[in-house]
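Read through the structure below, which is laid out as structure tokens, and then see the notes.
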Amino acid sequence: MKIENSTLPTLATALITERKRQQLSREAAAAACGVSVSFIRDAESSPQNCSLGKLVQLMNGLGLSLQAQGFQVSAQARTRGSKQAPPRADYGVSDAQIVLSTEPATGSPAKAHQT
């Protein structure tokens, strides 16, 4: 799934579905993933308002993955002793996308932490 504003509700649904598939309460998932219960509630209702870092932490904890594809970074280092500013990095993002894999890994980390 390509992550865009229009697909964020699908991301929220994937988070809910995976948490419930693992039979985790929000409290258990929060403890296993290292995030707060309120963050899980926010991620499952309004992921556009959540930090990317914490979303990745939650998703990894549930055994989901998020991948950036199509990014190309190129920059040249300035030569030693040069007074010229180094060129700016060129982030070629014309075909870039962020992809969520909703195929959970077997033996996902959150299930392993469930008590």
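Bear in mind these aren't lab numbers, they're just calculated from the coordinates by the rules spelled out. None of these values were measured; they are calculated from a predicted model. Glycine gets a Cβ as well: all are built from the backbone with ideal geometry, and neighbour counts include every protein chain shown.
Some points to look at:
- In the stretch 20-65, residue farthest from T7 (Cα to Cα) [restricted to those that are touching a Ser or Thr at 6+ places or on another chain (Cβ under 8 Å) and in contact (Cβ under 8 Å) with a residue 60 or more places away in the chain]: A28
- The set of residues in the stretch 1-53 being surrounded by 15 or more Cβ atoms within 10 Å (Cβ to Cβ) and assigned to a loop (DSSP other than H, G, I, E, B) consists of I3, Q22, L24, V35, C50.
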